[in-house]
Amino acid sequence: MTNQNGQPTSSGTLYIGSYGTAEEPTIHVCTFNSKTGELDVIQRVSGLENASYLTLHPSGGRLYAASETEATGGESGGSVASFEIDESTGQLSITGNRFLTHGAHPCYISTDEEGKVLFAANYTGGNVALLPIAANGELATASSVQQHTGELGPNAARQDAPHAHCIVPLDHSPFVCAVDLGIDAVVTYRFDAGQGTLAPHGISKVHRGAGPRHLIFHPELRAGYVMNELDSTITVLKVDAEQGVLTAGQSISALPADYDGYNDAADIHLGVSGRYLYSTNRGHNSIAVFAVDQQNGELSLIQHIDCGGDSPRNFAISPDGGHLLVAHQKTGNIAVFTVDEESGLLSKTDASLQLTSPVCIKFAKS
């Protein structure tokens, strides 16, 4: 997009998923100006209830959205929908390509590195599913579903059953890892994209009552990071990608030492350099910033900053690493921060965008 002088007015496109009915716009396509931090909505997409998590095909040509529901069209379980992305504008075309995840309330989706399969984590269903992806990016019906089992955690209110909360591939390996809030564990599967199968491989426990929610892997170090929702800690994992083995190591709080109020930890991401890690706190309503030891992957807390809203859910870091955008489910605003490349520290900007119940942000692939 350009202004009347032919100068660029935006430097990127991003997609925001929200809770809402099928009649409401639950996906917003926005342009982002990396100089000013300003966001502008260029498309509002309705037709998908509770578009709570989004992911992109590795080619950048498709957006997939989880519909976090208990049932779909009278059938049990949530679903995933596929949208074509216009290469020139970044806007979405509704394709009608939508399939069940075979579990209630899918809350996280991802693809393998080659874009041959999509993985879905069903929170209430307590299971994970694999859906094949055709060469044109369209989904097919789930070809493998795996139900989680195991000893439940001690939090009776939240750990009443297995609750798969995230599923991500282990880069450059045939393994995919699913965190389960209910059983305090990361469950590893071997997947075969050609056959469309998931096979149980191993299980890695974190400390009891942690309630693991999200998992990321460091792109260079043999380390992974689990954001634990229930006790607001981050567990550092030692990663053996060849064997598909994860071992829990350091555990560090994402809260200030003197804070004893309510909190549910939410999301976690590494900065583009891999030297800093960021996480969000709902209740304390803050972003925690950690320095990453470049030898062993361990974390040191260096900053807490007010997140600029209530209930910061998902957040995203711009592809150039210069900005961090936070989606606030309760206040409905997207807050924009600048990221200091050298120190990793955040500074809040005046830029903001108001929506209804935004919970997921994904930048388009450049």
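Each reported figure results from applying straightforward, stated rules to the coordinates on display, with no laboratory input. Just so you know, these numbers come straight off a predicted model, no measurement behind them. Please note: Cβ atoms are built from the backbone with ideal geometry, for glycine as well, and neighbour counts cover all protein chains shown.
Express the Stokes-Einstein translational diffusion coefficient of the stretch 150-227 in µm² s⁻¹, to the nearest whole number, given a Kirkwood radius over alpha-carbon pairs, 37 °C and a viscosity of 0.692 mPa s.
So the translational diffusion coefficient is about 253 µm²/s.
What is the local net charge at G126, summed over the other residues whose Cβ is closer than 12 Å to its Cβ (Lys, Arg +1; Asp, Glu -1)?
Neighbour charge sum, excluding G126 itself: -2.
As an exercise, use a Förster radius of 41 Å and the Cβ-Cβ distance of I252 and T36 to find the FRET efficiency, rounded to the nearest 0.05.
That gives a FRET efficiency of 0.75.
Please compute the length gained on full extension between T141 and Q354, using 0.36 nm multiplied by the number of residues separating them and subtracting their Cα-Cα distance.
Length gained, T141 through Q354: 73.1 nm.
Arranged by the count of other C-beta atoms within 10 angstrom, fewest first, what order do E113, E38, E342 take?
Listing E113, E38, E342 from fewest to most nearby Cβ atoms yields E342, E113, E38.
Mind computing the radius of gyration and Dmax over the alpha-carbon atoms of the chain? Å is fine for both.
19.2, 63
Only sites in a loop by DSSP and with at most 14 other Cβ atoms within 10 Å count here; which GluC sites (Glu not before Pro) in the stretch 160-248 make the cut?
Sites meeting the loop and neighbour criteria: E220, E242.
Assigning unit charges at the beta carbon (Lys, Arg +1; Asp, Glu -1) and nothing else, what dipole magnitude in debye, to the nearest 20, does the stretch 35-76 show about its Cα centre?
280 debye
List the trypsin sites (Lys or Arg not before Pro) within the stretch 1-100 that DSSP assigns to loop and that have no more than 12 neighbouring Cβ atoms inside 10 Å.
Filter output for the stretch 1-100: K35.
Inverting the mean 1/r over all pairs of different Cα atoms, compute the Kirkwood radius of the stretch 292-366 and quote it in Å.
Result for the stretch 292-366, one decimal place: 13.3 Å.
Rounded to the nearest 20 Debye, what is the dipole magnitude of the stretch 144-205 about its Cα centre when Lys and Arg each give +1 and Asp and Glu each give -1 at the C-beta?
I would put it at about 20 debye.
If we count other beta carbons within 10 Å of each Cβ, what is the order of H323, H328, H207, fewest first?
Ordered from fewest to most neighbouring Cβ atoms within 10 Å, H323, H328, H207 come out as H207, H323, H328.
I want to verify the translational diffusion coefficient of the stretch 219-312 in µm²/s; compute it with Stokes-Einstein, Rh as the Kirkwood radius over Cα pairs, at 20 °C and 1.002 mPa s.
158 µm²/s
Past the 23 Å Cα-Cα mark, which pairs from K35/K330; K116/K362; K238/K348?
Violating the 23 Å limit, Cα to Cα: K35/K330; K238/K348.
If you place +1 on the Cβ of every Lys and Arg, -1 on the Cβ of every Asp and Glu, and leave all else neutral, what size is the dipole of the chain about its Cα centre, to the nearest 20 Debye?
180 debye
For the stretch 187-270, which trypsin sites (Lys or Arg not before Pro) are in a loop by DSSP, counting at most 16 other Cβ atoms within 10 Å?
Within the stretch 187-270, the qualifying trypsin sites (Lys or Arg not before Pro) (loop, at most 16 other Cβ atoms within 10 Å) are R208, R222.
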